[in-house]
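A short worksheet on the structure shown next.
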Amino acid sequence: MFCCFKPYRSKSVKEAESPDSGTVGKIETKTAPPFDQVPTPDPNKLEEHYILGEIIDHIEELHDDIQKNFPFIDLDILRDQLISIRNHNVDPQQHLRSFLKVYQKTPGYQAAFKQLDETTKAQIDAFISGKSEDGILKQESGKSVFHLPPSPAAKHHFKDFIDEIFHHDEHNQKNGIVPITVSETNAVTEKPTATGLPVIYEDEAKTMIMEVYGATQFNNWGQSVQNTPKYTFIPKKILGLQNLVKYAKEHKLRVRVGGYRHSWSPMFSQNAEILICLLNLKEVTTIPDTLCIGADYIDPQNELKVIQMAPGAATTGETSLVRVGVSVTNEQFRRWAVENDTWSLPMDVILVE
């Protein structure tokens, strides 16, 4: 977060040794600029040694301002560690100990630490304090035994996985996936339902209503983009998408589309506009997606989550044509490729959530 700073190496007051007398005195120099007024660096100088030097200098020059914004981080230890990295003088164990000390008082560290079992907590504290391997690990029959229990995140995701297997239908109902029947509303596409949300039909017979949520906060995967669309729709039919675009045009609303939300760009969601979410909200906001572990569930009504060979497409040879729906996840495509054992995308890997 500090790598865009321009060199500003002078301090407000610096102790220095007089070159002729050897005495130590005070040298008055320039005052460092405020934290939000540091100039942009020359892009031609953005290489590792220069960038680390910028960070180190500004940690010292803007120490009080940075500490005010990040009060729980030990800036002195952080600066010393960065100097070691820049000088390629890093002892792996000491390096890790020091970085743990840097963040040990932060709320994020404290919250994660509380979730650990007592043995792991004691071992981490012993490691940070500088104890040896024998002083950290559990002793059995005179030998150091390393034991790594499941992480809190692993326990949480495994619980979600079991819940998805045994309570899939209940989860769907809670998230509004079960279609609303026609008897519940006589409204046309642009009229609100009893919940005040617009009705967008996904079929010609007007028996299937698109899932929709109002004022639901959007966060991208990196938590760097947050906003609140007016409506979040989860379509299943091509006709439903067409009707939704017509509705947006009539009401002068912009339409944005999001999948697993990995992009860092703010353009795929917007306050008070329409967001099309290609996956259900639990699936898209849970990383990693525990559904990747178990048997795949594909809604047979979802036209946007299909993988089909194009009519008349080649079944042998080096290339062919295939239709991949916009709601197909990487994991679903990977399983399709493995099951068919013929076609895949020209990639080194197919990443899954």
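Coordinate-derived values only; no laboratory data. Remember, it's a predicted structure, so these values are computed and weren't measured experimentally. Neighbour counts run over all protein chains shown; Cβ positions are idealised from the backbone, glycine included.
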Applied in sequence order to the range 197-209, the curve 6.51 cos²θ - 1.76 cosθ + 1.60 (Karplus, θ = phi - 60°) yields integer Hz couplings, x standing for Gly and Pro, of 9, x, 9, 10, 7, 10, 9, 4, 6, 6, 10, 10, 9
Can you pull a Stokes-Einstein diffusion coefficient for the range 301-344 at 10 °C (1.306 mPa s), Rh from Kirkwood over Cα pairs, as a whole number of µm²/s? 144
Burial ranking of peptide ranges 323-330, 215-222 (average Cβ count within 10 Å, highest at the top): 323-330, 215-222
If I model a spin label at LYS105 and LYS45 as a point 7 Å from the Cα along the Cα→Cβ vector, what separation in nanometres do I get? 3.2
Using the Cα centre of the range 87-138 as the reference point, and only Cβ charges (+1 on K/R, -1 on D/E), how large is the resulting charge dipole? Debye, rounded to the nearest 20. 220
Would you mind putting 201-208, 114-121, 262-269 in packing order, based on average other-beta-carbon counts within 10 Å, highest first? 201-208, 262-269, 114-121
The FRET efficiency for VAL145 and GLN308, from their Cβ-Cβ distance with R0 = 41 Å and rounded to 0.05, is 0.15
Once each part is reduced to its C-alpha centroid, what is the distance from the range 88-145 to the range 213-276 in angstrom? 43
Could you tally the net charge around LEU275, taking each other residue with its Cβ under 12 Å from the Cβ of LEU275, Lys/Arg +1 and Asp/Glu -1? +3
Computed over the Cα atoms of the range 87-138, what is the ratio Rg over Rh, Rh following Kirkwood? 1.01
Can you tell me the relative contact order of the range 49-138? Whole percent, Cα pairs under 8 Å, sequence separation 6 or more. 25
